[in-house]
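None of the figures in this text is laboratory data; all of them are computed from the coordinates on show. Here the structure is a predicted model, which is why all the values come from computation and not from measurement. All Cβ positions, even for glycine, are placed from backbone atoms using ideal geometry, and neighbour counts span all protein chains on display.
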Amino acid sequence: MSNSRSQNSRRRFLQDSAAATAALGTLVIPGAVHAGTDEVIKVGLIGSGGRGTGAAIDALHADPQAKLTAIADTFLDRAHDSLSTLKEDDKIGKQVEVSEENIFAGFEGYKKVIDQCDVVILTTPPHFRPLHLAYAIEKGKHCFVEKPIAVDAPGVRSVIETCKVAKQKGLSIVSGLCWRYDSGVRETMRQILEEKAIGDIVAIESSYNTDTLWHRPNQPDWSRMEYQVRNWLYYTWLSGDHINEQAIHSLDKTAWLMGDKSPIRATALGGRQQRTDKKYGHIFDHFTVFYEYDDGKRVYFTCRQQHNCAMHTDERVLGTNGQAEVLRHRLYDAAGKPSWRYKGEKPSMYRVEHEHLFKSIREGNPINDGGYMTNSTMIAIMGRMCAYSGQTLTWDECFNSNVTLGPTEYAWGDIEEPAVAIPGQSAPA
Ligand SMILES: NC(=O)c1ccc[n+]([C@@H]2O[C@H](COP(=O)([O-])OP(=O)(O)OC[C@H]3O[C@@H](n4cnc5c(N)ncnc54)[C@H](O)[C@@H]3O)[C@@H](O)[C@H]2O)c1
């Protein structure tokens, strides 16, 4: 699209399609993912690290008429690395049209990307998600939003409000809680929740017990702010701790099994035993949380990032008439014998979420994943607040918390080194 007339017509298509379809009733064209138009959709990437680069590849695969036209990352080296990977991709490389002036560094680059794109991929550390999402929706853009969507309760409440606005504007918000888009997990959930194949759920044993993750060694020219942002995993203000940043995938499945209700209360243990060096910031390396629901059901949850320990990630669902393993897509009868397993196709869930997003845009049938992505993030934050403080806390205490993590202004230079929380002494955060 080189002239302003064609740009106007493309933008009109993107803005009007939702309204027009709403007026006609929902127009669903089975199998027609790119139905009715070959208009270019301009995609912008904000946070061009590992996941952002992968998400951009998935987006461009999902819609052959989509083009990546702008990138923002706090660090230029990250933006250029990502761009090289994208351009070299055999399949989608030709859809990458990011000119030098559309590569933005620093903390404000997100605005420039959002201003000029139709769809935005938000894949920075989660601290920035509420701010970036609010701006994208204010500017009328469809969004792919990586998990988790915040690191504290005020952030979650902000995203809830933003998602309401997105609904009013007919904008799609697709969440990176990718198991919701996995065919095997979806069918296993259907067996449990709709077919009642294991009876009523009594309790869930959930775990995300895994190995340690990457660390980026300090460099002489880095300020402390740069060190923290580059090593964002290890700072609660940036990641929300690993219960929020990584194990949210498991907590999201427990929430799905519980009908996406919020627990009423939680009690948690946690600490750090292996990852005690200061270079690992101040996050914990293990958590155990008991979540209580208003109907008496319970979720017993553990997550661990420790090396050389048993690794296990799954939800074992205990029912009145059997059990299920969600990630393994298996059911067992009351005697413990295998009774069902998923044998269908398993397309990449990462690709599927983008296919849904672009289909929703082209058909004017917006998706809004705001409900579960905010509830599941808050469940993870609640577990952390209970573990850091050592207190049993109610949902209302956590959800209504006004503790905001991180600086209010972002600038390179010195920044406080947060202390490791001590249960029994630290306030819920
Ligand atoms: N759904 C999944 O399976 C999955 C997998 C991996 C990561 N993630 C999520 O994706 C997000 C990114 O994770 P990652 O593994 O790609 O991390 P990463 O460190 O590889 O990438 C994050 C990028 O964001 C940049 N960044 C930091 N602050 C920024 C800001 N204010 N503006 C612009 N850019 C900024 C960093 O420089 C970095 O390049 C996280 O929320 C993570 O939880 C999801």
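Some observations on this one:
- Under 5 Å from the amide H of Gly319 lie the amide H atoms of Val202, Ala324, each residue being 5 or more positions distant or on a separate chain, with H modelled from the backbone and absent for Pro and chain starts.
- Given charges at beta-carbon only (K, R positive; D, E negative), |dipole| of the stretch 162-266 in Debye: 480 debye
- For Ile41, the residues 5 or more places off, or on other chains, whose built amide H falls under 5 Å of its own are Ala66, Lys67.
- For the stretch 304-313, Karplus couplings with θ = phi - 60° (6.51, -1.76, 1.60), whole Hz, Gly/Pro x: 8, 10, 9, 7, 6, 10, 4, 10, 7, 9
- Rounded to the nearest Hz, the phi-derived 3J(HN,Hα) couplings of the stretch 188-198 under the Karplus curve 6.51 cos²θ - 1.76 cosθ + 1.60 (θ = phi - 60°) are 5, 4, 5, 4, 6, 8, 9, 7, 6, 5, 10, where x marks glycine and proline.
- Ile264 long-range amide H proximity, modeled H, under 5 Å: Glu292, Tyr293, Asp294
- Considering only Val326, Ala72, Cys309, the residue lying farthest towards the positive end of the dipole of the chain is Val326, judged by Cα position with unit charges set on Cβ.
- For Ala411 and Ala335, the FRET efficiency from 1/(1 + (r/R0)^6), where r spans their Cβ atoms and R0 equals 45 Å, is about 0.10.
- Environment charge of Val317, counting only residues whose C-beta is closer than 11 Å and scoring Lys/Arg +1, Asp/Glu -1: -1
- A cut-off under 14 angstrom between Cβ atoms defines the neighbours of Gln168, and their net charge, with Lys, Arg +1 and Asp, Glu -1, is +1.
- Estimated at 0.36 nm per residue, the fully extended path between Asn402 and Glu345 surpasses their Cα-Cα distance by 16.0 nm.
- Phi-derived couplings, Karplus 6.51 cos²θ - 1.76 cosθ + 1.60 at θ = phi - 60°, listed residue by residue for the stretch 94-104: 6, 8, 9, 10, 9, 7, 3, 6, 9, 10, 10 Hz, with x used for Gly and Pro.
- CD proxy at 222 nm, helix term only [per DSSP H run n ≥ 4: -39500 (n - 2.57); per residue of the chain; nearest 500]: -11000 deg cm²/dmol
- When the Cα positions of Ala59, Phe290, Ala421 are compared along the charge dipole of the chain, Ala59 comes out farthest toward the positive end, with charges on each C-beta of Lys, Arg, Asp and Glu.
- Comparing Leu238, Leu251, Ser262 along the charge dipole axis of the stretch 189-282, the residue lying farthest to the positive side is Leu238, per the Cβ-charge model.
- Residue of Lys279, Lys346, Lys94 that the Gaussian network model of the chain assigns the largest fluctuation, springs spanning Cα pairs under 10 Å: Lys346
- Extension gain from Ala427 to Glu138, taking 0.36 nm per residue of separation minus the Cα-Cα distance: 100.6 nm
- Taken about its Cα centre, the chain carries a charge dipole of about 580 debye when Lys and Arg each add +1 at the Cβ and Asp and Glu each add -1 at the Cβ.
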